[in-house]
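Novice: Would you mind keeping the following structure in view while I ask a few things?
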Amino acid sequence: MTFLRTWEYLGWYNHCQLTRGRSVDLHNQMNQSPRFSDLEAKDLAILDGLRREALTYFLHEYNPRNGLIADKTQPGSPSSIAVIGMGLSVYIVAVERLMLSRVDAVDRILTLLRFFRSSPQGTEPDATGYKGFYYHFLDMQSGHRAWECELSTVDTAIFLAGVLTVASYFNGDSKEETQIRELADILYRRVDWQWALNGGTTLCHGWTPESGFLPYRWDTGYSEALILYVLALGSPTFPIDPRGYKDWIATFEWKKIYDTEYLYAGPLFVHQMSHLWLDLRRIEDDFNRRVGTDYFENSRRATYVHRQYARKNPLGYAHYHEYNWGFTASDGPGPAVIEVNGIRRVFYDYVGRGVPLGPDDGTISPWSVVASLPFAPQIVMDTVRHAIDRLVSRGHSPYKFDASFNPSYPANVENPNGWVSPWIFGLNQGPIVLMIENFQSELIWKNVRKCPYIVAGLRNAGFRNGWLQE
C-alpha cells in the first residue's frame with residue numbers, strides 16, 4: 001500500500017460540511033482511546049508502514065563522515081542540531097525494527113558523538129558551539145556554524161535528549177558501547193546551564209558571538225522548554241536553581257475552549273516535543289497539582305481541541321474537517337497577501353501555526369496528527385485511516401507525508417491541495433517515528449526513565465508520583 005503524500009480533498013468534504021456543527025462530547029471520546037494492542041491488523045500495518053517511511057529520512061539524509069543529519073531535503077540544507085537529537089533516538093527504533101543493525105547504529109552514533117566531542121567550542125563566529133551549547137544550524141560538511149544563526153538552548157536540549165537516550169539504550173560491555181556512554185556523559189556534563197541564565201532565574205533563548213545573549217527568555221507561557229528545564233535542573237556540573245522553573249510555570253495559561261479546560265499553547269508541536277522523550281503520564285509538578293491533571297492528559301485535550309477547531313473552521317478555509325487537521329510549526333506558502341474568493345487572506349512562510357487563537361492561514365501539517373498518536377489514538381487513527389481509504393496519493397515526496405499543504409492558497413488550480421511544501425523536514429519525520437514507537441512499545445520512554453540525570457531533573461522541578469515514585 002502506498003502511503004499518502006497529502007490529504008487530498010474528494011467528495012468527503014461535502015459530508016463534513018453538513019456535520020461540522022454537531023455537538024461533541026470530547027471527554028467521552030477521550031476515554032475511549034484504544035491501546036496499541038487493541039488496533040486491528042490493518043491499522044497496525046498502516047502505522048508500521050508510516051514509521052518505516054519516516055525512518056528512512058534519517059538513514060539517507062546524513063553525512064557518513066561526521067554523522068550530521070540534514071535539516072531538510074532541500075539541496076544545500078545545513079544540519080539541524082535538534083534533528084540530530086531526534087535522529088539519535090530514531091536509530092534505536094531502527095535497531096528494534098530491524099532496519100539498522102546494532103553494529104551499524106553504534107558506528108553511526110560514535111561517528112557523531114566523536115565529532116561533537118572534538119568540534120570547536122569557543123567564541124569564534126565559525127565554531128560548532130560554546131559553553132557546551134551548539135548552534136541551531138551547522139554546515140553539513142565542516143560542522144561549523146551556518147547562516148550566522150544563534151547558539152540555541154532549546155535545540156541543544158533536544159540534541160542532548162537524543163544523546164542521553166542512546167546512552168541508556170546501548171548498555172553493553174563492548175568497547176564501542178562503553179564509549180557511547182562515556183561520550184554522552186562528557187557532552188552533557190560540559191553544558192554550562194548557569195551561563196545561559198545570563199544573570200536571571202530563567203534560561204535565555206540563545207546567544208551569538210556578534211551581539212551576546214538574545215533578548216528573549218523561556219519565561220512566559222507553556223512551550224517546548226519543558227525538556228530544556230529538566231536537563232538544566234538535572235545537571236551534575238552546572239545545575240540551575242529550581243526557582244527559575246517555578247517562575248516559568250507560574251505564567252502558564254489555563255483556558256476553557258470548546259468546553260475543554262487545558263493548559264493552552266497554540267501549535268500542536270508544543271504539546272508533543274518534550275513528550276518524545278519524557279514519560280509525563282501520572283507524574284505531577286506544582287502546576288499539575290494545582291489544576292488536577294498531568295501534562296500527558298493536557299496534550300490529549302489539546303489534540304481534541306485541534307480537531308474540534310477544524311470541524312468548526314471559523315475562518316472558512318478550504319478542506320478543514322474532522323479528518324483533515326494538524327496545526328503546528330510548519331512550512332507555508334507565504335509571505336503573501338492574496339484575495340481568495342473575495343476574501344483578503346494573509347499567508348505565512350515557516351511559522352508556529354496554532355489554534356484557536358492563531359496564526360492560521362489554511363496550512364495543514366499531516367505529520368503533526370500522527371505525532372499525537374499516544375495522546376489520542378482514536379481520532380488520530382480515524383484521520384489516518386480516512387486518508388488511506390478516501391484519498392489518493394500524488395506527488396514527489398520520497399517519504400510519503402508532505403511537511404504541509406494549503407488548499408486555500410491558489411498555487412496550482414489543477415491541484416486540489418493548492419500549495420504543497422517542496423521539502424521534507426527532519427523535525428517532522430522524527431516525531432512520527434518516535435511517537436508511533438512510544439505508543440507501541442514505550443521504547444524511548446523506557447530508556448529515558450533509566451537516565452539518572454533526567455530523573456534528577458524531573459525531581460528537582462518538583463515532579464512526584466507515578467513511575468518517579470516507583
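The values are calculated or read from the model by the stated rules, or taken from the named source; none is laboratory data. Note that the coordinates shown come from a computational prediction; the quantities given were computed from them, not determined experimentally. Reconstructed Cβ throughout: ideal geometry from the backbone, glycine too, with neighbour counts over all protein chains shown. Side chains are part of the model used for accessible areas, which takes the heavy atoms of the whole protein and leaves out ligands, DNA and RNA. Shrake-Rupley method; radii C 1.70, N 1.55, O 1.52, S 1.80 Å.
Novice: How many residues does region 86-104 contain that are assigned to a helix (DSSP H, G or I) and either touching a residue at least 60 places away in the same chain (Cβ under 8 Å) or open to solvent by 10 Å² or more (accessible area, probe 1.4 Å) (or both)? If you could, list the steps in order and put the result at the bottom.
Specialist: As a first pass, look at region 86-104 and keep what is assigned to a helix (DSSP H, G or I): 86-96, 102-104.
Cutting the leftovers down to either touching a residue at least 60 places away in the same chain (Cβ under 8 Å) or open to solvent by 10 Å² or more (accessible area, probe 1.4 Å) (or both) gives us 86-93, 95-96, 102-104.
Within region 86-104, residues that are assigned to a helix (DSSP H, G or I) and either touching a residue at least 60 places away in the same chain (Cβ under 8 Å) or open to solvent by 10 Å² or more (accessible area, probe 1.4 Å) (or both) number 13.
Novice: How about region 316-331: which of its residues are surrounded by 14 or more Cβ atoms within 10 Å (Cβ to Cβ), part of a loop (DSSP other than H, G, I, E, B) and either β-branched (Val, Ile, Thr) or out of contact with any strand residue (DSSP E or B) (no Cβ under 6 Å at 6 or more places or on another chain) (or both)? Even if it seems obvious, please write down each step before you answer.
Specialist: Residues of region 316-331 that are surrounded by 14 or more Cβ atoms within 10 Å (Cβ to Cβ), as a first pass: 317-331.
Now restrict to residues that are part of a loop (DSSP other than H, G, I, E, B): 317-320, 322-323, 325-328, 331.
If the condition is that a residue be surrounded by 14 or more Cβ atoms within 10 Å (Cβ to Cβ), part of a loop (DSSP other than H, G, I, E, B) and either β-branched (Val, Ile, Thr) or out of contact with any strand residue (DSSP E or B) (no Cβ under 6 Å at 6 or more places or on another chain) (or both), then 317, 318, 319, 320, 322, 323, 325, 327, 328, 331 are the ones that fit.
Novice: Within region 105-140, track down each residue that is more than 22 Å from residue 158 (Cβ to Cβ), of a type in the set (Asp, Glu) and part of a loop (DSSP other than H, G, I, E, B). Don't jump to the end; show me each part of the working.
Specialist: Let us first name the residues in region 105-140 that are more than 22 Å from residue 158 (Cβ to Cβ), namely 107, 122-126.
Restricting the remaining residues to those that are of a type in the set (Asp, Glu) gives 107, 124, 126.
Across region 105-140, the qualifying residues are 124, 126.
Novice: Moving to a separate point now. Looking at (1) within 19 Å of residue 47 (Cβ to Cβ); (2) in contact with an Asp or Glu (Cβ under 9 Å, 6 or more places away or on another chain), which is the one condition that is false for residue 376?
Specialist: Exception for residue 376: condition (2).
Novice: Looking at residue 346 and the list (1) touching a strand residue (DSSP E or B) at 6+ places or on another chain (Cβ under 6 Å); (2) not in a strand (DSSP E or B), which single condition is not satisfied?
Specialist: (2)
Novice: Say we look at region 128-168 and pick out the residues that are farther than 10 Å from residue 81 by Cβ and without any contact (Cβ under 8 Å) to a residue 60 or more places away in the chain; which of these is surrounded by the fewest Cβ atoms within 10 Å (Cβ to Cβ)?
Specialist: Going through the qualifying residues, I end up with 142.
Novice: Criterion first (assigned to a loop (DSSP other than H, G, I, E, B) and open to solvent by 20 Å² or more (accessible area, probe 1.4 Å)) does residue 300 satisfy it?
Specialist: Values: assigned to a loop (DSSP other than H, G, I, E, B): no; open to solvent by 20 Å² or more (accessible area, probe 1.4 Å): yes.
Answer is no for this residue.
Novice: For the subset of region 389-405 comprising residues that are open to solvent by 20 Å² or more (accessible area, probe 1.4 Å) and touching a helix residue (DSSP H, G or I) at 6+ places or on another chain (Cβ under 6 Å), which member is modelled with the highest pLDDT?
Specialist: 400
Novice: So which of 256, 246 ends up being modelled with pLDDT of 95 or more, open to solvent by 10 Å² or more (accessible area, probe 1.4 Å) and under 20 Å from residue 204 (Cβ atoms)? Walk me through it before giving the result.
Specialist: Numbers: 256 fails: under 20 Å from residue 204 (Cβ atoms).
Testing whether each residue is modelled with pLDDT of 95 or more, open to solvent by 10 Å² or more (accessible area, probe 1.4 Å) and under 20 Å from residue 204 (Cβ atoms) leaves just 246.
Novice: Restricted to region 169-196, and to residues that are under 12 Å from residue 153 (Cα atoms) and of a type in the set (A, V, I, L, M), which residue is surrounded by the most Cβ atoms within 10 Å (Cβ to Cβ)?
Specialist: Going residue by residue through region 169-196, those that are under 12 Å from residue 153 (Cα atoms) are 191-196.
Those left that are additionally of a type in the set (A, V, I, L, M): 191, 196.
Numbers: 191: 23, 196: 27.
Restricting to residues being under 12 Å from residue 153 (Cα atoms) and of a type in the set (A, V, I, L, M), the top hit is 196.
Novice: While we're here: Contact list please: Cβ distance under 6 Å, first residue in region 458-470 and more than 7 Å from residue 283 (Cβ to Cβ), second residue hydroxyl-bearing (Ser, Thr, Tyr) and surrounded by 15 or more Cβ atoms within 10 Å (Cβ to Cβ), pairs at least six apart or on different chains.
Specialist: Final answer for the pair search is 461/245.
Novice: Further, regarding this structure: Any residue in region 406-426 that is open to solvent by 40 Å² or more (accessible area, probe 1.4 Å) and β-branched (Val, Ile, Thr) sitting within a Cβ distance under 7 Å of a residue that is modelled with pLDDT of 85 or more and not in a loop (DSSP other than H, G, I, E, B)? List the pairs, counting only those 6 or more apart or interchain.
Specialist: Partner pairs satisfying both residue conditions: none exist.
Novice: Any chance region 115-124 includes a residue that's open to solvent by 10 Å² or more (accessible area, probe 1.4 Å), at pLDDT 95 or above and under 23 Å from residue 444 (Cα atoms)?
Specialist: Scanning region 115-124, I find no residue that is open to solvent by 10 Å² or more (accessible area, probe 1.4 Å), at pLDDT 95 or above and under 23 Å from residue 444 (Cα atoms), so the answer is no.
Novice: Hey, can you tell me all the residues within region 197-219 that are touching a residue at least 40 places away in the same chain (Cβ under 8 Å), touching a helix residue (DSSP H, G or I) at 6+ places or on another chain (Cβ under 9 Å) and either open to solvent by 40 Å² or more (accessible area, probe 1.4 Å) or not aliphatic (A, V, I, L, M) (or both)?
Specialist: Matches in region 197-219: 200, 201, 202, 204, 205, 206, 207, 218.
Novice: Suppose we filter 220, 202 for residues that are closer than 24 Å to residue 164 by Cα and of a type in the set (S, T, N, Q); which single one remains? Step through it out loud before you land on a result.
Specialist: Numbers: 220 fails: closer than 24 Å to residue 164 by Cα.
From the options 220, 202, the qualifying one is 202.
Novice: Could you list, in sequence order, all residues of region 241-279 that are basic (Lys, Arg) and touching a residue at least 12 places away in the same chain (Cβ under 8 Å)?
Specialist: Filtering region 241-279 down to residues basic (Lys, Arg) leaves 243, 246, 255-256.
Within region 241-279, 243, 246 qualify.
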